Amino acid sequence: MIEGAAWRRWVFFRIPTGIFLILLLFPFYWMIITTFRPDGELYRPWRAANYTPFWTWNPTTAHLKYLFGETSFMLWMWNTMFIAVVATAISLFCGVLAGYALSRLKFSGAGLLGTLIFVTYLVPQTLLFIPLSDIIRGYRIGDTPWALILTYPTFLIPFCTWLMMGYFKAIPKELEECARIDGASRFQAMLYIVLPVAVPGILSALIFAFTLSWNEFIYALVFLSSPEQKTVPVGVVSELIRGDVFFWGPLMAGALLGSIPVAIVYSFFVEHYVSGLTGSVKG
Amino acid sequence: MAATTAGTGEIVIAKPRWRPLESEGNLALLLLLPTLALLGLFIAYPFIKGILLSVQDTRVGIDGKFVGFDNFARLATDPIFHAVVWNTIFYTVVTTIFKLILGLWLAILLNRDFKFKAVTRAFILLPFIVPTVLACFAWKWMFDPTFSVINWGLYKLGLITGAINWLGDGDLAMLSIIIVNIWRGVPFFAISLMAGLQTISPDLQEAAAIDGAKPWQRFIHITWPLLLPVTMVVVLFSVIQTFADFQIVYVMTGGGPANATHLFATYAYQLGIGTGLLSQGAAVSLAMFPILFAIVIFQLMYIRRVETR
């Protein structure tokens, strides 16, 4: 609560929040308006008297048509979706099992392994992409979706494990012990008792892992080369920029449409996403 | 196995079924196996491979031979690499300071009840969730010297008289990528810090307010110390990501003009993938490792200290 007069609420709260919102969202507005702006208006210098930045009276779908007609955009969308879904599934499977083992089972080396996985969680992709590109070539999976499906889990699994450990730790041990007394094996107790309770955590890990793999760039840039294998971010970069020429209209249309799937997933699961985000930093 | 001898008149005791997964150690091993296999193949092995590459002179398609520390010695005298080190440190420090200040401010603004709170919070995270590369194109377009809406805005506000060539001048290009990085990072800071703020009991604030503490005094003496553990983790996490950043620079400037915005990752990419000098690129990437390692150790120690308190 800000105490006192209405002007204080405006000065200390409403105006700063409004400015933050405008600055954070303006690039998206710019993407949308550029997508529908005809080339004639698009390439009008900002000094021109008839420069109308915030609106267009002649909206066009030419850029969208170019994007769908002249590039493999739909294919990139499909590639990205396929890779993100499979990589997320693998990572979730591994991460949930590993998180369970590290947080609820006692075995020698648990602490060390937990620390090691936390450390790999902090390894940025840019540290290893060059030796990895050599290895991918060696495994003969370069320029196939598998190059990404198998490498994305390296940053998704540590994250999922770390997040799930937090959720598993919060579930009381007694719950499992009851099931064990009733005759369930350890594995059954995990599968039927602990995992269902941890569903919110699994959902958070899922949403977060999906957006991370949708947004990944450097591995996709380095490991894929043919246009029909590319993901959206890489396809847009390599096919809509020819030398120094930027096809700004289709570029912005691609950026807009390429952002929509994550935005939709995110908008349905904001709460899960936020708890995944904050869980991942708090541990 | 349960070798029972029936029929000899002995009392047969059915041995318990062999259930290896009842041993916590065995079950843990089984559960961890897929993770360890993937991380071993695609993290541990590449790491070793990277070290090997960095002491050879491998190029794409040409197997290298051992050259010792030649690649690192070359970096030590490479003026571009010197610029890279300085750029990366400058970029990381400046963006982190601004992300922390602005993120904390935004977190405090959002940490209250108001109309449309949920919607506002959802919108604020958008820069963080959309693909960075795609958002960067919007920024690159906004910074375009001839068609820049930013120039138009500044001109209309009377702040500038001529065109600003944002990405064409070294210092301005650095400023541009810093702005974009802050734009992308502030939501992450704000939402994480807001989660930290929500764990602080409002009773403490009220008690201090009753005792006559001014808002800024309450912030310094109550909010900030209680928020510090979350802040530390968020900052260290962000420092690692920023230090190893690639996408923003790759899209906005490609490291230029005249290497003014090259970071470790973009320079490694240019050498290793662009030019095909795998070994030299790997050496540039690995040069990040000591600093990243120090940050990670510091973070682990800090977490341990907080946890044992």
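On full extension, the segment bounded by residue B:30 and residue B:221 gains 63.9 nm, given 0.36 nm per residue less the C-alpha separation. When only the Cβ of Lys, Arg, Asp and Glu is charged (+1, +1, -1, -1), the dipole of the range A:110-233 relative to its Cα centre reaches about 120 debye. The chymotrypsin sites (Phe, Trp or Tyr not before Pro) of the range B:105-150 that meet both conditions, a loop assignment by DSSP and at most 16 other Cβ atoms within 10 Å of the site Cβ, are B:114, B:116. Which FRET efficiency, nearest 0.05, do residue B:113 and residue A:23 yield, Cβ-Cβ r, R0 22 Å? Efficiency at R0 = 22 Å is approximately 0.40.
A Förster distance of 30 Å, applied to the separation of the beta-carbon atoms of residue A:246 and residue B:90, puts the FRET efficiency at 0.60. Among A:256, A:21, A:175, which one shows the biggest mean-square fluctuation in a GNM of chain A, springs joining Cα atoms closer than 10 Å? Among A:256, A:21, A:175, the largest GNM mean-square fluctuation belongs to A:21. Expressed as a fraction of 2.2 N^0.38 Å, the value expected for a compact globular protein of N residues, the C-alpha radius of gyration of chain A is 1.27. Placing a pseudo-label 7 Å from each Cα along the Cα-to-Cβ vector at residue A:112 and residue B:37 gives an inter-label distance of 2.3 nm. Set the bar at 27 Å for Cα to Cα. Now go through A:65/B:99; A:230/B:140; A:65/B:140; A:173/B:117; A:65/A:230; B:49/B:99 and name every pair that lies beyond it. Exceeds cut-off: A:65/B:99; A:173/B:117; B:49/B:99. The range A:207-275 and the range B:91-131 have Cα centres lying 22 Å from one another. Full extension of the chain segment joining residue B:22 with residue B:275 gains 85.6 nm, where the gain is 0.36 nm per residue of separation less the Cα-Cα distance.
Considering only B:17, B:59, B:74, the mean-square fluctuation computed in a Gaussian network model of chain B, springs between alpha carbons under 10 angstrom, is largest for B:17.
For the pair residue A:54 and residue A:180 in one chain, pulling the backbone fully straight at 0.36 nm per residue adds 38.9 nm over the alpha carbon distance. Relative to the dominant Cα principal axis of chain A, helix A:270-282 is inclined by about 60°. FRET efficiency for the pair residue A:226 and residue B:52, taken as 1/(1 + (r/R0)^6) with r the Cβ-Cβ distance and R0 = 30 Å, rounds to 0.55. Here the contact order of the range A:218-283, divided by its residue count and restricted to Cα pairs under 8 Å and six or more residues apart, works out to 20 percent. What are the aspartates and glutamates whose alpha-carbon lies under 16 Å from the alpha-carbon of residue B:214, with same-chain residues fewer than 8 places away excluded? Qualifying aspartates and glutamates at Cα under 16 Å: A:3, B:203, B:206.
Taking amide H as placed 1.01 Å from N in the peptide plane, residue B:56 has its amide H under 5 Å from the amide H of B:67, each at least 5 places away in sequence or on another chain. With the convex hull drawn over the C-alpha atoms of the range A:145-283, the volume per residue is 128 Å³. Each of A:252, A:81, A:190, A:74 was scored by other Cβ atoms within 10 Å of its Cβ. Arranged with the fewest first, they read A:74, A:81, A:190, A:252.
Which one of B:201, A:185, A:220 is farthest out on the positive end of the charge dipole of the protein assembly as shown, using unit charges on Cβ (Lys, Arg +1; Asp, Glu -1) and the Cα centre as origin? Looking along the dipole axis, the top candidate is B:201. Note on the range B:189-309: dipole from Cβ charges, positive end direction compared against B:232, B:294, B:271; the farthest Cα belongs to B:294.
Please determine, in degrees from 0 to 90 and to the nearest 10, the orientation of helix A:125-138 with respect to the longest principal axis defined by the Cα atoms of chain A, where the helix direction is its Cα long axis. Tilt relative to chain A: about 80 degrees. Under the combined filter of DSSP loop state and at most 14 neighbouring Cβ atoms within 10 Å, the range A:137-245 retains these trypsin sites (Lys or Arg not before Pro): A:140.
In order along the range B:218-229, the Karplus-derived 3J(HN,Hα) couplings, from 6.51 cos²θ - 1.76 cosθ + 1.60 at θ = phi - 60°, round to 5, 5, 5, 9, 10, 5, 4, x, 6, 8, 4, x Hz, and Gly and Pro are given as x. Comparing B:184, B:121, B:19 in a Gaussian network model of chain B where C-alpha atoms under 10 Å apart are linked, the largest mean-square fluctuation is found at B:19. Label zone (residue B:146, point 7 Å along Cα-to-C-beta; backbone nitrogen cut-off 18 Å) within the range A:47-67: A:47-53. Taking a ≥ b ≥ c as the square roots of the eigenvalues of the alpha-carbon gyration tensor, the range B:29-117 is classed oblate because a/c is 1.5 or more while a/b is no larger than b/c. Rounded to the nearest 20, the Cβ-based charge dipole of the range B:65-161 about its Cα centre (Lys and Arg +1, Asp and Glu -1) stands at 380 debye.
Over chain A, dividing the summed -39,500 (n - 2.57) contributions of all DSSP H runs of at least 4 residues by the number of residues returns a 222 nm mean residue ellipticity of -21500 deg cm²/dmol. The alpha-carbon atoms of the protein assembly as shown define a convex hull whose volume equals 205 cubic angstrom per residue. Between helix A:248-268 and chain A, what is the angle of the helix's C-alpha long axis to the longest principal axis, kept within 0 to 90° and rounded to the nearest 10? So the helix axis and the longest Cα principal axis differ by about 30 degrees. Taking every DSSP helix (H) stretch of at least 4 residues in chain B, weighting each as -39,500 (n - 2.57) and dividing the sum by the residue count yields a mean residue ellipticity at 222 nm of -20500 deg cm²/dmol. Straight-distance candidates among the aspartates and glutamates for linking to residue A:106, with alpha-carbon spacing under 14 Å and chain neighbours fewer than 8 residues away dropped: B:22, B:24. Note on chain B: Cα-Cα pairs beyond 29 Å make up 56% of the total pair count.
Centre-to-centre, using Cα atoms only, the range B:207-237 and the range A:101-145 are separated by 37 Å.
From least to most packed, judged by other beta carbons within 10 angstrom and beginning with the fewest, A:271, A:177 follow the order A:177, A:271.
Structural descriptor for chain B: relative contact order 25 percent, calculated from alpha carbon pairs under 8 angstrom and at least 6 residues apart.
Each reported figure results from applying straightforward, stated rules to the coordinates on display, with no laboratory input. Not measured: the values here are computed from a predicted model. Here Cβ is always computed from backbone atoms with ideal geometry, including for glycine, and neighbour counts include all displayed protein chains.
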